[in-house]
Amino acid sequence: MSSIILFGGSGFVGSHLINMLSEKFDTIFVADIREPGWHSSDIIKNKERMLYVYCDVRLPISENLFGTSVDCIVNLAAVHTSPGHPSHEYFETNINGATNICAFAEKKGVKKIIFTSSISVYGPGEDEKTENCIPMPSIPYGSSKTIAEYIHREWYNKDGDRTLSIIRPAVIFGHGEGGNFTRIANMLEKGFFPYPGRTDTIKGCLYVKDICRFIIQQVETGKGYTFYNFCYQKKYTTRDIVKAFRKSLGFRAFCPVIPLFIVNLGARILSLFQFQFIKKMGLVPDRIIKLVKSTNISSQKLAESGFQFNWTLEEALSDWARDCGSNHLY
């Protein structure tokens, strides 16, 4: 293959994906509003075949921007941290981005797109979510991703020779994540992690290197239209995740269960002060509520496709630590 475009390629998943694609493509275009390596930890190791192109997917994309034939597009571009942005930003980026990327693919004659959506399309609930469930998003991020999926399917349906793979990942963790898994790890390292309200919250999750492996598989062999939930098949709870951190990294933190009303009250009081470090720690009511709600996602269809995860949860946490060079995960 000659060239591939990673829209949103400077982000968490894209940075890992560049390393894995570098031996398979002559040119990897990274199309983003930020240059790769903006994160304090530069994950990207193989930059020889990478070419950064400034691209704001909210605006129409010129077919001449990349200057050569394109074999495949991977659409990772999104405003995704939720809560964290005004509602309109999710729609402006995620919907306009899907529209403009598909229009670019139409003009350029690109026949294959891999699109990373989200399990947020399902909405909240303790019941198991399969690919057959009707999307019922409850937040702007989930609504924008639902519409973006529809836009990609419209592109696919215009030509029977096209390939579209939609992936709905659960919580992705790994080097450079900076999300809930990183917060849990840092609190356990400091010796104290309070469970907010319960320990049996199911958290669908996956290691970043595994989803990169699957994306590459879809790039190389994907045909027609496919869509998959993506997470470990085992139903990991918050307790299981903490246990895995303890076993893999040796953390010995005190982990009491604190009634949810106390946690929420403390978070609301702290949020009144608007200190940046409080937001960085995730001590805001909406984010705490997310920790209490299960993401009970079925990945049976993924298992039936033949894909196998390369790392168990414990192995993934250990691999993450090796990437960071210590037990301090970031």
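So here's what we get for this one:
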{"read-out": "Exclusive hit being closer than 20 Å to residue 300 by Cβ and in contact with a strand residue (DSSP E or B) (Cβ under 6 Å, 6 or more places away or on another chain), set 230, 192, 214", "value": "230"}
{"read-out": "Any pair with Cβ under 9 angstrom, 6 or more apart, that starts in the range 17-39 at a residue that is polar (S, T, N, Q) and part of a loop (DSSP other than H, G, I, E, B) and ends at one that is surrounded by 18 or more Cβ atoms within 10 Å (Cβ to Cβ) and at pLDDT 85 or above", "value": "22/28; 22/50"}
{"read-out": "Exclusive hit being under 18 Å from residue 237 (Cα atoms) and not acidic (Asp, Glu), set 172, 139, 147, 151", "value": "172"}
{"read-out": "Residue 192 vs. criteria surrounded by 22 or more Cβ atoms within 10 Å (Cβ to Cβ) and within 30 Å of residue 326 (Cβ to Cβ)", "value": "no"}
{"read-out": "Odd one out for residue 91 among (1) surrounded by fewer than 21 Cβ atoms within 10 Å (Cβ to Cβ); (2) within 15 Å of the chain's Cα centre (by Cα)", "value": "(2)"}
{"read-out": "Residue that is modelled with the lowest pLDDT [pool: residues in the range 245-267 that are in contact with a helix residue (DSSP H, G or I) (Cβ under 9 Å, 6 or more places away or on another chain), of a type in the set (A, V, I, L, M, F, W, C) and not in a loop (DSSP other than H, G, I, E, B)]", "value": "267"}
{"read-out": "Top-ranked residue in the range 313-330 [being touching a residue at least 12 places away in the same chain (Cβ under 8 Å) and outside any helix (DSSP H, G or I); ranked as nearest to the chain's Cα centre (by Cα)]", "value": "330"}
{"read-out": "Residue within the range 91-103 that is in a helix (DSSP H, G or I), of a type outside the set (Lys, Arg) and in contact (Cβ under 8 Å) with a residue 60 or more places away in the chain present", "value": "yes"}
{"read-out": "Qualifying residue in the range 65-87 (condition: within 17 Å of the chain's Cα centre (by Cα), of a type in the set (Gly, Ala, Ser) and within 16 Å of residue 29 (Cα to Cα))", "value": "yes"}
{"read-out": "Residue satisfying condition, being at pLDDT 95 or above and touching a Gly at 6+ places or on another chain (Cβ under 7 Å), within set 110, 57, 74", "value": "57"}
{"read-out": "Identity of the residue in the range 286-306, buried (at least 16 other Cβ atoms within 10 Å of the Cβ) and in a loop (DSSP other than H, G, I, E, B), that ends up modelled with the lowest pLDDT", "value": "294"}
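Matching residues to (1) buried (at least 19 other Cβ atoms within 10 Å of the Cβ); (2) of a type outside the set (Lys, Arg); (3) in contact with a Cys (Cβ under 7 Å, 6 or more places away or on another chain); (4) assigned to a loop (DSSP other than H, G, I, E, B):
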position: 134; (1), (2), (3), (4): no, yes, no, yes
position: 141; (1), (2), (3), (4): yes, yes, no, no
position: 148; (1), (2), (3), (4): yes, yes, no, no
position: 153; (1), (2), (3), (4): no, no, no, no
position: 160; (1), (2), (3), (4): no, yes, no, yes
position: 172; (1), (2), (3), (4): yes, yes, no, no
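Here's the yes/no breakdown for (1) in a helix (DSSP H, G or I); (2) within 30 Å of residue 14 (Cα to Cα):
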{"site": "189", "(1), (2)": "yes, yes"}
{"site": "209", "(1), (2)": "yes, yes"}
{"site": "212", "(1), (2)": "yes, yes"}
{"site": "219", "(1), (2)": "yes, yes"}
{"site": "227", "(1), (2)": "no, yes"}
{"site": "242", "(1), (2)": "yes, yes"}
{"site": "269", "(1), (2)": "yes, no"}
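The values are calculated or read from the model by the stated rules, or taken from the named source; none is laboratory data. These numbers come from a predicted model, not from an experiment. Glycine gets a Cβ as well: all are built from the backbone with ideal geometry, and neighbour counts include every protein chain shown.
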